[in-house]
Amino acid sequence: MPTTRRQFLSLAGGVTAAGMIPIVTLRPLHATPAMLNTAIRNVVGEAPIRTGRVKLDIPPLVENGNTVPVTVSVASPMTADDHVKSIHIFNEKNPQPNIGNFYLGPSSGRAQVATRIRLADTQKVVAIARLSDDTFWQVAADVVVTLAACTEEMN
Amino acid sequence: MAALINVPAKARRGDVIEIRTLTSHIMETGFRHTVDGKLVPRDIITSFTCRYNGAEIFRADLFPAIAANPYLSFFTVAKESGKFEFEWIGDNGYSSTASASITVE
Amino acid sequence: MSVWHAIAAAALFAAAPALLAGEIPPDARRSGYSFMGPDTRAMQDDDTSNPGMLFVLDGQSLWTKKSGSAEKACADCHGDARSSMKGVAARYPAFDNALSRPVTLDQRINLCRATHQQASPLPYESRDLLALSAFVAHQSRGVAITAGDDPQAKPFVAQGRDLFMQREGQLNLACTNCHDDNFDKHLAGAPITQGQPTGYPLYRLEWQTLGSLERRLRSCMSGVRAQAYDYGSPELVALELYLMSRARGLPMETPAVRP
């Protein structure tokens, strides 16, 4: 995993303070993969998560991280016996790992949701679907967030 | 505050139709600071529900990572003529509703 | 080429204002839309997914809402905006005879509020002012821009052009250095556009809200580390007027969506 600038800075700070032993005590500003994992486990529990069946449509390179279109669809017949119960979207490096939980059912007809999200940085986005048999399926995508040259100062 | 709802006016029974909603809301994350360092308190929509003739067909929990002016698209099977009701609920007692009707033949 | 075509072309040529050095000829003028990716275009193309339309809807209700001590709504004088406001924004900023200077659409709305509605002015970038100007400008969607054609406006177009050409700020850059000389190239990750103001007020994904051309100009000025002119200042109005005249012939897109 590549070291982000903030992690590097806090690491460097730790080295300076404690000599040879890097002590990282700062709470990371961005969600770490551990936080992402915890957020996923809060939804999934201990169940295994399989890869496949879920499609995540998100631009690989986005023009502005403040408004990123995302569509999640799941290959499912959406019948009473075999349907998608919920879709969950997570991120890796925003201050908080959750993006949205979406609850559907057989009356949805098609297991697909779309929304617009915020991505604070270049990072991984994960979509997980819970099926009617309580199996979990996931897909991940890497998104590069370009920064505009002449952004306004924070106000 | 305005909301834009896109529901087909007419559909055939059994058709899978797309519903799109867009509503005005700043979705303040609660992670931003003012120039003088004060945290801007969170102010987001936390929940969205769509009911079709009274029965819930779609629900969403929203987090600060949802962009301002939340946009949602989802699907449903056109079963009968009637009304879709939409409800957004959020921080600081925020609540707004909208509705749209459909004729199913 | 037929004779008729030749005559039409000659007439067009005669009517077109002479281009100054470095300016983008009419057939090469491109809206910022053409510099965007497919996802952002899709957001603008569909009215039910264009967040700028939320402001247009708000403006529509403000149009018929009585305001100020005169207890008058915009609609009480102007009637149905679909006909009365069609093409208006394509001519703004427009010369005001009483003030002997051009005024922006935002300023016109506030002048109307002061004189006809006896209402307090709406602050720049306030939701109500943006909503009203978006609603009015939306009535001109598809109408070709003709701002600056009024002979009385010419000195102010020239003033705006001078400002556009003038280097400023710690980076010592003029608008023209990017938007005439280097469009289609990239600055950081973002494409440099021609800076054609076809869709204001517009929804910028960066802002996550609707904003005016003056807001955009001010953030460009911060970008080159210059002191930004105040909202409504003669300099910003002149720049806005020059930019609109520079976009002559391009269709209005309000509310546009931009990254």
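Some notes on this structure:
- About its Cα centre, the dipole of the stretch A:44-142 is roughly 160 debye, where the only charges are +1 on Lys and Arg Cβ and -1 on Asp and Glu Cβ.
- Student exercise, the protein assembly as shown dipole from Lys, Arg, Asp, Glu Cβ charges, in Debye to nearest 20: 220 debye
- Cβ crowding within 10 Å, taken as a proxy for footprinting-reagent exposure, orders B:21, A:38, A:32 from fewest neighbours to most as A:38, A:32, B:21.
- Each residue of the stretch C:240-253 was assigned a 3J(HN,Hα) from its phi angle through the Karplus curve 6.51 cos²θ - 1.76 cosθ + 1.60 (θ = phi - 60°); the sequence is 4, 5, 4, 4, 5, 5, 5, 9, 3, x, 6, x, 5, 10 Hz, with glycine and proline shown as x.
- Charge dipole of chain C (Cα centre as origin; +1 on each Lys and Arg Cβ, -1 on each Asp and Glu Cβ, all else neutral): 140 debye, rounded to the nearest 20.
- Set of lysines with alpha-carbon distance to residue A:85 below 19 Å, sequence-local pairs under 8 removed: A:55
- In this label model, residue B:13 and residue C:28 are separated by 6.3 nm, measuring between points 7 Å along each Cα→Cβ vector.
- If you look at the Cα atoms of the stretch C:152-206, you get an Rg and a Dmax of 13.3, 41 Å.
- Cut-off under 5 Å, modelled amide H: who pairs with residue C:70 long-range: C:118
- Computed 3J(HN,Hα) for the stretch C:162-179, one whole-Hz value per residue from the Karplus formula 6.51 cos²θ - 1.76 cosθ + 1.60 where θ = phi - 60°, is 4, 5, 5, 8, 8, 5, 7, x, 5, 7, 6, 10, 9, 3, 4, 4, 8, 8, glycine and proline marked x.
- By the Cα gyration tensor, chain C has an equivalent ellipsoid whose semi-axes, rounded to whole angstrom, run 28, 22, 20 from largest to smallest.
- Only lysines eight or more places from residue B:79 in sequence, or on another chain, were considered; those with a Cα closer than 18 Å are B:10.
- In the stretch B:19-105, taking the dipole from charged Cβ atoms about the Cα centre, the farthest positive-side position among B:103, B:89, B:19 is held by B:19.
- Cα-based Rg of the protein assembly as shown normalised by 2.2 N^0.38 Å, two decimals: 1.09
- Among C:203, C:137, A:58 - extreme Cα towards positive end, dipole of the protein assembly as shown, charges at beta-carbon: A:58
- Between amide H atoms placed 1.01 Å from N, distances below 5 Å from residue C:173 occur with C:168, all of them 5 or more places distant or on a separate chain.
- Charge dipole (the stretch C:180-259, unit charges on Cβ, about Cα centre) - positive-most of C:227, C:189, C:213: C:189
- Percentage, to the nearest whole number, of Cα pairs in the stretch A:30-145 over 21 Å apart: 34 percent
- Count of Lys pairs (Cα-Cα under 27 Å; at least 8 positions apart or interchain) in the stretch C:29-258: 4
- In units of the rule-of-thumb radius 2.2 N^0.38 Å, the stretch B:17-105 shows an alpha carbon radius of gyration of 1.30.
- ³J(HN,Hα), Karplus 6.51/-1.76/1.60, whole Hz, each residue of the stretch C:187-192, x for Gly, Pro: 10, 6, x, 9, x, 8
Any read-out appearing in this document is the output of simple, stated calculations on the displayed coordinates, not a laboratory observation. The structure presented is a predicted model; accordingly, all values stated were derived computationally and were not measured. Here Cβ is always computed from backbone atoms with ideal geometry, including for glycine, and neighbour counts include all displayed protein chains.
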